[in-house]
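The values are calculated or read from the model by the stated rules, or taken from the named source; none is laboratory data. Quick caveat, the model's predicted, so the values are computed rather than measured. Note that each Cβ is placed from the backbone with ideal geometry, even for glycine, and that neighbours are counted across all protein chains shown.
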Amino acid sequence: MKAKRIDHIGIVVKDLDAAIATYARNFAFSRDTARGGEVPALGIKNAFMPVGGSDLEFIEPTSDSGPVAQFAKDRGEGTFMLSIEVENIDAAVSHLRGLGARVGDPVNGVAFVSMKSTHGVNLQLVQR
Amino acid sequence: MAVNPTHIDHIVISSNDSSTVAKTFQDNLGIEIKRKMIRPGTSAQLAFAKLREVILEFAGPPEVKPGEEVKAKLWGMVVAVDDIDASVADLREKGYVVGDPTKAVQPGAEIATVKGGTSGVPFAMIQYNALPIEGAQ
């Protein structure tokens with residue numbers, strides 16, 4: 001398997017609108033308004049700010065359960081997840097499982113690698 | 001003059017065993033480690049890989065202490081800017097606490113750390129070609 005590029009960094013925030021406004025006003029990042037919004041199935045809402053060939057994804061929990069809510073409870077705000085683009089998600093998952101890594105089934109081109117298999121880094125694989 | 005980052009220059013993964021974590025990413029994800037070095041003035045080891053324009057930096061002690069579990073976390077990011085002095089001045093004017101630009105480990109580059117106001121993200125800015133490269137003609 002070959003990692004292609006950094007797709008995005010996920011950043012958990014307490015107030016999505018405030019974080020976006022801060023990064024836009026003070027750092028001149030621009031929001032991609034075509035993406036993001038409420039994702040009830042994940043208990044989050046998100047927004048994307050592209051920079052170079054990657055994105056920052058700002059994520060606010062909208063429920064009390066799930067990994068984002070847990071991160072917010074434990075750490076407040078901060079870097080949450082690294083997302084790496086791969087050529088073929090199914091092949092990547094098979095490859096990692098063959099090496100003994102714990103990886104979730106791909107859903108809509110996205111799979112999560114267990115933090116137990118990355119020494120604690122929250123890692124997402126994505127096929128574009 | 002705003003910061004105007006051109007791209008994410010590097011993402012830092014910190015750990016208590018940078019060799020093992022870098023090797024895990026290399027072996028499992030095919031991310032080739034291109035360079036290793038000891039951070040000047042410290043015993044911390046830095047290992048670098050590059051995915052397109054973004055560097056993945058694995059930072060921490062070169063190996064875990066006996067009996068300790070290897071633990072890593074996604075730490076922070078460094079964005080590239082065209083004019084670090086102007087970026088630092090702009091952020092200070094907006095009330096940010098920003099360190100003075102200092103020589104980075106990348107040849108000819110200067111780096112400045114932004115202390116707070118980034119939604120909990122450890123955040124720095126880097127400018128390449130900010131300094132003469134030693135040994136260059």
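Among A:S63, A:S94, which is surrounded by fewer than 17 Cβ atoms within 10 Å (Cβ to Cβ), in a loop (DSSP other than H, G, I, E, B) and of a type in the set (S, T, N, Q)?
Being surrounded by fewer than 17 Cβ atoms within 10 Å (Cβ to Cβ), in a loop (DSSP other than H, G, I, E, B) and of a type in the set (S, T, N, Q) holds for just one of A:S63, A:S94, which is A:S63.
Being more than 12 Å from chain A (Cβ to nearest Cβ), in a loop (DSSP other than H, G, I, E, B) and in contact (Cβ under 8 Å) with a residue 40 or more places away in the chain is the filter here; which residues of the range B:1-54 pass it?
Scanning the range B:1-54 gives B:R39, B:P40.
Please pick out the residue among A:V86, A:V113 that is within 22 Å of B:I55 (Cα to Cα), at the interface with another protein chain (Cβ under 10 Å from one of its Cβ atoms) and either in contact (Cβ under 8 Å) with a residue 40 or more places away in the chain or of a type outside the set (A, V, I, L, M) (or both).
The conditions single out A:V86.
Given the condition under 14 Å from the mean Cα position of the chain (by Cα), at pLDDT 95 or above and closer than 21 Å to B:M125 by Cβ, answer yes or no: does some residue in the range A:18-38 qualify?
No, the conditions are met nowhere in the range A:18-38.
When both residues are 6+ apart or on different chains and their Cβ atoms are under 8 Å apart, which pairs have a first residue that lies in the range A:18-31 and is over 18 Å from B:R92 (Cα atoms), and a second that is part of a loop (DSSP other than H, G, I, E, B)?
A:A19/A:V13; A:A19/A:E77; A:A19/B:S119; A:I20/A:R31
Could you figure out which of (1) under 15 Å from the mean Cα position of the chain (by Cα); (2) at the interface with another protein chain (Cβ under 10 Å from one of its Cβ atoms) isn't true of B:Q106?
(2)
Go over the candidates A:D74, A:D15, A:D55 one by one and state the one that is within 15 Å of the chain's Cα centre (by Cα), within 27 Å of B:A124 (Cβ to Cβ) and within 13 Å of chain B (Cβ to nearest Cβ). I'd like the intermediate steps shown before the answer.
Numbers: A:D74 fails: within 15 Å of the chain's Cα centre (by Cα); A:D15 fails: within 15 Å of the chain's Cα centre (by Cα).
Only one candidate qualifies: A:D55.
Say whether the condition of being crowded, with 22+ Cβ neighbours inside 10 Å and either within 23 Å of A:G78 (Cβ to Cβ) or modelled with pLDDT of 95 or more (or both) is met by at least one residue in the range B:32-45.
Taking the range B:32-45 first, the residues crowded, with 22+ Cβ neighbours inside 10 Å are none.
No - not one qualifying residue is present in the range B:32-45.
Given the condition more than 16 Å from A:A18 (Cα to Cα) and β-branched (V, I, T), answer yes or no: does some residue in the range A:45-56 qualify?
Applying the first criterion (more than 16 Å from A:A18 (Cα to Cα)) to the range A:45-56 yields A:50-55.
Filter again for β-branched (V, I, T), leaving A:51.
Scanning the range A:45-56, I find at least one residue that is more than 16 Å from A:A18 (Cα to Cα) and β-branched (V, I, T), so the answer is yes.
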